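Step one of this worksheet: look at the structure below.
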Amino acid sequence: MVRTCKEDYCLKYTKGTLAMTKKMKIISILICLSLLLCGCSMPNKTNELQHEQFCSSADGAQNYDLNSNDRLYIIDILNNASWVNDLSNCGSDFVFCTQKQKVRYHSECGTFNDYSNQKSTTVSEEQRAIINSMLGIN
Ligand SMILES: [Zn+2]
């Protein structure tokens, strides 16, 4: 008698847990879907952080590990810059890889060149100093 009771309880408990995990699965799928939809409805944020190598030298020979604050600082500049629909007439010594494009950077003048979209932007002296110190340039 007592044992049956316990088994019943056991069974109910397991059923409850199963129902719970199913619910959790559905909820997490819904969350994923809504995140995907949000991502599609933000066309302005073209430069998103990717989780592979973010920064390397222009020739690709050296990788730089920037911390997440530094990465976000650069991503923020790229997303909020006023871009000119033309490439600058200068070199580049660094490459920043975002999810959708590679942007080249010239530390001497603080210019970003987005070759895939044929556009460029030059940061302020203050921003250039901050970026260059992240990259270990004095
Ligand atoms: Zn330059």
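The values are calculated or read from the model by the stated rules, or taken from the named source; none is laboratory data. Every value quoted in this text rests on a predicted model; they were computed, and no experiment measured them. Every residue, glycine as well, gets a Cβ built from its backbone with ideal geometry; the counts of neighbours run over all protein chains shown.
Which residue is farthest from the ligand (Cβ to nearest atom), if the candidates are limited to the range 85-103 and must be at pLDDT 95 or above and loosely packed, with under 12 Cβ neighbours inside 10 Å?
Checked the range 85-103; the qualifying residue farthest from the ligand (Cβ to nearest atom) is Asn85.
Out of the residues in the range 127-138 meeting the condition of being small (Gly, Ala, Ser) and over 20 Å from Ala61 (Cβ atoms), tell me which one is nearest to the ligand (Cβ to nearest atom).
So the first thing to find is which residues in the range 127-138 are small (Gly, Ala, Ser), and the list is 129, 133, 136.
Keeping just the survivors that are over 20 Å from Ala61 (Cβ atoms) gives 129, 133.
On the way: Ala129: 15, Ser133: 18 Å.
Once the filter is applied, the top-ranked residue is Ala129.
How many residues, within the range 105-126, are surrounded by fewer than 20 Cβ atoms within 10 Å (Cβ to Cβ), of a type outside the set (Ser, Thr, Tyr), outside any loop (DSSP other than H, G, I, E, B) and within 14 Å of the ligand (Cβ to nearest atom)?
Number of matching residues: 2.
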